[in-house]
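K.L.:
Mind looking over this structure? Questions follow.
What follows draws every value from the coordinates through simple rules; no lab data is involved. Quantities reported herein were computed from a predicted structural model and do not represent experimental measurements. Cβ sites come from the backbone with ideal geometry, for glycine too, and all protein chains shown count toward neighbours.
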Amino acid sequence: MAAVLECAHLKKQYGSTVALKGISLSLPEGKIIGLLGPNGSGKTTLIKLASGLLLPTSGEIKVCSFKPGIESKKLVSYLPEKNFLDLGKKVNNQIAFMADFYSDFDKNKANEMLERLGIDPTKKLKELSKGNREKVQLILVMSRNAKLYLLDEPIGGVDPAARDYILETIISNYCENSTVLISTHLIADVESVLNEFIFIQEGEILMHESADKVHAKGKTVDAMFREVFRC
């Protein structure tokens, strides 16, 4: 199975702080993978490196064999933890902008998801609730036909009733030869959609395992996380 994301001895340092300590990973296509760890463990740094927003201090990171750059960025759809939208613009203006900017953006898919969530595309983003703005961001990201989806806390700010729909949106809107990497603290909420998970702490990979293997032992990923990261 082809690797969508590969890291070899990947290190990222900010001054005297080492955020990633030479990690090596290979993430296959067609998987939804949880990137799980406490605050400050290196999750967002790894996601930003994969998106091409940061460059490694040393080591390598590749998306579909491309090093960070123009070609790799064409293949990545990235949802940051913080708002990236112009709140003064209408939702449909954001959709038009994404369609102009990304050749793989599917406007019909975006509008269908907006309709299912009951979000008025003629409203300005500042007129929407915080939770609905986050839903719009996710819709924009998942409406691309990318090879790698990087989702940094995609359900952290939405109400529990909307989480199931958002997870269903993630499952049903990525291609079978693509990979989704989800960073989240809400492990119990996302566990049902995960094929694999990665435990990361203080810039080091503690575990990269199949979710089915954990379930076969009568455990949950959430319970294992609590064991591994018990204070």
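K.L.:
Compute the convex hull volume of the Cα atoms of the range 123-231, divide it by the residue count, and report the result per residue in Å³ as a whole number.
P.N.:
135
K.L.:
Would you mind computing Rg(Cα) / (2.2 N^0.38 Å) for the range 61-211, counting N as its residues?
P.N.:
Cα Rg divided by the expected 2.2 N^0.38 Å: 1.06.
K.L.:
Then there is this: Which of Cys175, Cys7, Cys64 has the fewest other C-beta atoms within 10 Å, and how do the rest follow up to the most?
P.N.:
The fewest-first ordering by Cβ neighbours comes to Cys175, Cys64, Cys7.
K.L.:
May I have the count of lysine pairs in the range 1-75 with C-alpha atoms under 16 Å apart, counting pairs 8 or more residues apart or located on different chains?
P.N.:
Pairs that pass both the separation and distance tests number 18.
K.L.:
Which lysines does Lys135 reach when only Cα atoms under 20 Å apart count, and residues fewer than 8 places away in its own chain are ignored?
P.N.:
Candidates past the 8-residue exclusion: Lys82, Lys89, Lys90, Lys107, Lys109, Lys123, Lys124, Lys126.
K.L.:
Please work out, to two decimal places, the log10 of the ratio I(q)/I(0) at q = 0.20, 0.31 Å⁻¹ from a Debye calculation in which every Cα of the range 192-231 carries one identical scatterer.
P.N.:
Those come out to -0.59, -1.17, one per q.
K.L.:
In degrees, nearest 10, range 0 to 90: what is the angle between the Cα axis of helix 130-142 and the longest Cα principal axis of the chain?
P.N.:
80
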